[in-house]
Amino acid sequence: MLHAQPNSAGHNPSVSSIMQTYSYRLLPGQDLKKEIEAIVRQEHIEAGAILTCVGSLTKATLRMANQSEPSVWQDHFEIVSLVGTLSTNGSHLHLSVSDSTGKTIGGHLLDGCTIYTTVELVIGVMTDLVYERQTDPTFGYKELTVRKKRRK
């Protein structure tokens, strides 16, 4: 497993990989997170990342920093950022949206983000890696671990 232990410069080890990309257009009324999860399952993504995402929502459902309950907003929003890691073993996504005045909010992406007109989504998949989630004793959250796939 490649995780946790910083090297002498204080950095975690890195792993290089080949990347394959997928491009999607999601449609009005779809749930952003559920559609992403369906893509991860359908494509059997074991190690992926959101490369870019633009679009609009009519409902944003987020878990804000250090909160246990979701926050929900209904309005017309522009997606200004969607970032995160993707895996059939557990994904971790953060979304930022802005309203008609430019006010921006962001947090953990949850089910319940309804697409308004469109979402254009590009996903990068590291085909020779596997992302897994293991409980980190520091805070008790399941955190990312990275490993190379075993060759067949």
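The values are calculated or read from the model by the stated rules, or taken from the named source; none is laboratory data. All figures in this text were calculated on a predicted structure; none of them were measured in a lab. Cβ placement follows ideal geometry from the backbone for every residue including glycine, while neighbour counts extend to all protein chains displayed.
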How many of the residues making up the stretch 31-66 are within 27 Å of Arg133 (Cα to Cα), in contact (Cβ under 8 Å) with a residue 12 or more places away in the chain and of a type outside the set (D, E, K, R)? 18
How many residues does the stretch 109-141 contain that are loosely packed, with under 13 Cβ neighbours inside 10 Å and either touching a residue at least 60 places away in the same chain (Cβ under 8 Å) or closer than 18 Å to Arg25 by Cα (or both)? 2
Residues that are at pLDDT 95 or above, surrounded by 15 or more Cβ atoms within 10 Å (Cβ to Cβ) and acidic (Asp, Glu): does the stretch 54-69 have at least one? no
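Kindly check whether there is at least one residue in the stretch 24-46 that is assigned to a strand (DSSP E or B), small (Gly, Ala, Ser) and either touching a Ser or Thr at 6+ places or on another chain (Cβ under 9 Å) or on the phi < 0 side of the Ramachandran plot (or both).
For the stretch 24-46, residues assigned to a strand (DSSP E or B), small (Gly, Ala, Ser) and either touching a Ser or Thr at 6+ places or on another chain (Cβ under 9 Å) or on the phi < 0 side of the Ramachandran plot (or both): absent.
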Given (1) β-branched (Val, Ile, Thr); (2) within 24 Å of Val146 (Cα to Cα); (3) part of a strand (DSSP E or B), Val97 misses just (2)
Do we have any residue at all in the stretch 95-108 that's surrounded by fewer than 16 Cβ atoms within 10 Å (Cβ to Cβ) and more than 30 Å from Gly29 (Cα to Cα)? no
Residues (under 18 Å from Val122 (Cβ atoms) and over 10 Å from the mean Cα position of the chain (by Cα)) located in the stretch 58-96: Glu78, Ile79, Val80, Ser81, Ser96
Condition check for Ser87: in contact with a Leu (Cβ under 9 Å, 6 or more places away or on another chain), under 25 Å from Ser17 (Cβ atoms), of a type in the set (S, T, N, Q) and modelled with pLDDT of 95 or more: yes
Condition test on Glu132, is it in a strand (DSSP E or B), among the acidic types (Asp, Glu) and over 18 Å from Thr21 (Cβ atoms)? yes
